[in-house]
Amino acid sequence: MSRAYDEHQLADSIYAALERPLTPELSVRRVFPQRAIRMLGPWCFLDHFGPLAPSSYRLFDVPPHPHIGLQTITWLLSGELMHFDSLGYQQPLHPGQLNLMTSGRGISHAEVAQPNPTTPLHGLQLWCALPPAHEETDPRFDHYPSVPSFTLGQCQATLITGSYATATQSWHSPALSFSPHIALLLEAAAADTLTLHLQPEFEHGIYVLHGNVRVNGTGVPAHHLLDLGAQRDAVTLELSQGCTLLLLGGEPFAQPVKIWWNFVSASQARVEQAQRDWDAGHPRFGKVPNYTVEPREASTGK
């Protein structure tokens, strides 16, 4: 996939996350899509939110909004969220757990920070585009109480989705997937130099949430994404103490997907139809019955 020049690009393949509104009162760091980097493998969206102080939890209230053609992945480093959707699910989310929603032909959902918090709200939301053959799959919601967690050098590794293997061991996330990909979170307890094994057929990227890291000798500061491209079977990381980063990867799509508001598809006509259907109250998106906070205009970011 070609990468055009972008004004926020610091080097040939390093991009700063951009501040974008999630709600009228709350901004997040939008890692991608950006003009120069639309996708990494099947990953077409990455937001980094927080840390949001407990006194400001009320700001995280994303009212019911629709999706097609993607899976949403919500991951918390701290705090607590509540998921509501048009299938009737009402699911709290805590750190170490995974909420995975498959929109398929259409679903709507809301996410709200839980009341009376004791820790800051800090996390990630990702969108994984569904391959064209699965865009019309039935919508569903899956909650995973745990995913694989293991040690790599001085790092605690958490395999959110996909599979990861070394020369001697392998791990597999239980998360439902429709195409080969990986999301691996690393948290460094101490400064360390670590070699990660990669799938050469994948496009890969590394997003730094906290601290700093040198990747094959290239420095990547916090809140920046390094696009590694494809055809790599390993990458060497020099991590600072306390560094937290996310490795994303997957087989690239033949063409970038179309993204229009909250709709994702290989077809421009399909996303435009989804917008018309949402505006008309089409039953494909259902209703979110348990969302009780007074609704306001849905954000453009989710």
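Every number in this text was worked out from the coordinates using simple rules, so none of it is lab data. Every value quoted in this text rests on a predicted model; they were computed, and no experiment measured them. Note that we place each Cβ from the backbone using ideal geometry, even for glycine, and neighbour counts take in every protein chain shown.
A crude spin-label estimate for the pair Ser163 and Ala254, with each label 7 Å from Cα along the Cβ direction, gives 2.5 nm. Scaling the Cα radius of gyration of region 54-106 by the globular reference 2.2 N^0.38 Å produces a ratio of 1.21.
Modelled spin labels at Ala190 and Gln241, positioned 7 Å past Cα toward Cβ, are 0.9 nm from each other. By the Cα gyration tensor, region 7-285 has an equivalent ellipsoid whose semi-axes, rounded to whole angstrom, run 29, 22, 18 from largest to smallest.
Of all segments of the chain bounded by GluC sites (Glu not before Pro) found in a DSSP loop with no more than 10 other C-beta atoms within 10 Å, the longest spans 8-296.
A Förster radius of 25 Å, combined with the Cβ-Cβ distance separating Asp279 from Leu87, puts the computed FRET efficiency at roughly 0.70.
When a footprinting reagent is the concern and you count Cβ atoms within 10 Å, what order do His210, His83 take, fewest first?
Neighbour counts put them in this order, fewest first: His210, His83.
Enter the angle in degrees (range 0 to 90, nearest 10) between the Cα long axis of helix 268-279 and the first principal axis of the Cα atoms of the chain, meaning the one along which they spread out most. The angle comes out near 50 degrees. Only DSSP H runs of four or more residues enter the estimate; each adds -39500 (n - 2.57), and after division by the residues of the chain the mean residue ellipticity at 222 nm equals -1000 deg cm²/dmol. Placing pseudo-labels 7 Å out from each Cα toward the beta carbon at Ala53 and Asn116 gives an inter-label distance of 2.2 nm.
What number, in percent, do you get for the relative contact order of the chain if the mean sequence gap of Cα pairs under 8 Å and at least 6 apart is divided by its residue count?
Working: 808 pairs, mean separation 63.9, N = 302.
In percent, rounded to a whole number, it is 21.
Relative contact order, whole percent, for region 8-140 stands at 29, derived from Cα pairs under 8 Å and 6 or more residues apart. Is the shape of region 74-205 best called rounded, prolate or oblate, per the rule: a/c under 1.5 gives rounded, else a/b larger than b/c gives prolate, else oblate, with a ≥ b ≥ c the square roots of the Cα gyration tensor eigenvalues? Oblate shape, in that a/c is at least 1.5 and b/c is the bigger or equal ratio.
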